[in-house]
Amino acid sequence: MTAAQTPDALTRLLETREWLLADGATGTTLFNMGLESGDSPELWNVDRPENIAALYQGAVDAGSDIFLTNSFGGTAARLKLHNAEDRVFELNKAAAEIGRKVADAAGRPVIVAGSMGPTGEIMEPMGALSYEAAVEMFYEQAKGLKAGGADVAWIETISAPEEYTAAAEGAAKAGLAWVGTMSFDTAGRTMMGVTSAQLADMVEKLPTPPVAYGANCGTGSSDLMRTVLGFAAQGNERPFIAKGNAGIPRYMDGHIHYDGTPELMADYACMARDAGARIIGGCCGTTPEHLVAMKAALETRPRGERPTLEQIVETLGAFSSASDGTDDKGPSARERTGRRGRRS
């Protein structure tokens, strides 16, 4: 087998396990460490590397098989907001290097996934960002992540199909295998109108398909589970990902709090597994305490039948909209919700 044909580390690990536990939130932990709202977390990869190592270690100690690097906003477009657009390679490389050290010391296989979030810009023809420029932005980021030792590029929280494809092309151009998740936060669709069925169809047609694909962030775990059922309904063999928020965000005492308990996230994790998800984790509000409960439940509760919509509502709570988007019903104004844009 040639080097080009050698399976990536994530593919190899998936071949040995029925499910893998991913990590939780980045922002929740970093804010608790003193990160101020509006600051760039990516600068901490160089300025406060010990905090980033602690972020990663928390996921590993909780039992995660995969953790994402602190590079969500690591494109030039996002770093420009902090006058750091000329530090893309440096900051992404540092994010992955810290992760590589933590993973290699774990004593078991742990995947370092190079997080690549949206640029924050609107792509042509609705906006000014060209497809070619987006590919180059993601390529520059992916080069840094690969140089730092990332096992795979983890494209996440994307809404537009063009940006998803550009990120995938950038990762492949850098020689990194990739996974990609979109955020289905607008009545079962992404903010740019993509449904679960459309994403499942799209990834199979890409020149370099992902190792896995799926959903992250969005609204609550109920909605994310409905999206996961949408992936399963397509019948593709490619592994899919469920990375849901820890409940619903509530504004309390000047801060955003998520109301999902470890027990609820444990239920969600097992439902995601039973629905067919191979990679299961948390997004906004998900702490190591949640991850510990999720891992324990996945290891001890027997596999069940694929959950029904009624069972999801009974266990995890009501959906935020009547439709999951696959019935071609568009969201109403009151059902529309904004994307948070970072794994808080």
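The values are calculated or read from the model by the stated rules, or taken from the named source; none is laboratory data. None of the values given here were measured: they were computed from a predicted structure. Glycine gets a Cβ as well: all are built from the backbone with ideal geometry, and neighbour counts include every protein chain shown. All accessible areas refer to the heavy atoms of the entire protein, side chains included, with ligands and DNA or RNA removed. Shrake-Rupley method; radii C 1.70, N 1.55, O 1.52, S 1.80 Å.
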Mean accessible area per residue over segment 24-181 (1.4 angstrom probe, all protein chains present, square angstrom) is 36
Segment 276-321 to segment 42-100: how many Å between their Cα centroids?
27
For the chain, which whole-number percentage of the solvent-accessible area (1.4 Å probe, protein heavy atoms only) is attributable to carbon and sulfur atoms?
51
So who's got an amide H within less than 5 Å of the one on Asp324, skipping anything under 5 residues away but keeping other chains? H placed 1.01 Å off N, in plane.
none
Restricting to lysines and to Cα separations under 28 Å from Lys93, and discarding same-chain partners fewer than 8 apart, the set is Lys80, Lys101, Lys143, Lys146, Lys173, Lys243
In terms of modelled amide H atoms, which long-range or inter-chain residues lie less than 5 Å from the amide H of Tyr258?
Arg250
Amide H to amide H, which residues 5 or more places from Asn236 or on other chains are under 5 Å from it, using H placed in the peptide plane?
none
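Taking a temperature of 20 °C and a viscosity of 1.002 mPa s, what whole-number D in µm²/s does Stokes-Einstein yield for segment 224-282 with Rh from Kirkwood over alpha carbon pairs?
173
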Residue-wise, which Karplus ³J(HN,Hα) couplings in Hz belong to segment 319-325, taking 6.51 cos²θ - 1.76 cosθ + 1.60, θ = phi - 60°, and x for glycine or proline?
6, 7, 8, 6, 10, 9, x
Using the Cβ atoms and a cut-off under 14 Å, what net charge is assigned to the surroundings of Ala269, where Lys and Arg are +1 and Asp and Glu are -1?
-2
Cα→Cβ-extended label distance, 7 Å offset, between Thr300 and Ile256, nm
3.2
With each label point set 7 Å from Cα along the Cα-Cβ vector, what nm distance links Ala128 and Asn32?
3.9
Where in segment 20-46 is the amide nitrogen less than 15 Å from a point lying 7 Å along the Cα-to-Cβ axis of Arg108?
20-23
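For Arg189, Arg108, Arg303, Arg226, give me the order by solvent-accessible area with a 1.4 Å probe, most accessible first, ignoring ligands, DNA and RNA.
Output order, biggest surface exposure first: Arg303, Arg108, Arg189, Arg226.
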Nearest 5 percent is fine: what portion of the DSSP beta bridges confined to the chain is antiparallel?
15
Compute the Cα gyration tensor for segment 1-160, then decide on rounded, prolate or oblate, letting a ≥ b ≥ c be the square roots of its eigenvalues: rounded whenever a/c is under 1.5, prolate when a/b is larger than b/c in the other cases, and oblate in all that remain.
oblate
Counting DSSP beta bridges with both ends in segment 182-340, the antiparallel % (nearest 5):
35
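Looking at the square roots a ≥ b ≥ c of the eigenvalues of the Cα gyration tensor of segment 106-261, which shape do they give, rounded for a/c under 1.5, prolate if a/b is larger than b/c, or oblate?
Verdict is rounded for segment 106-261.
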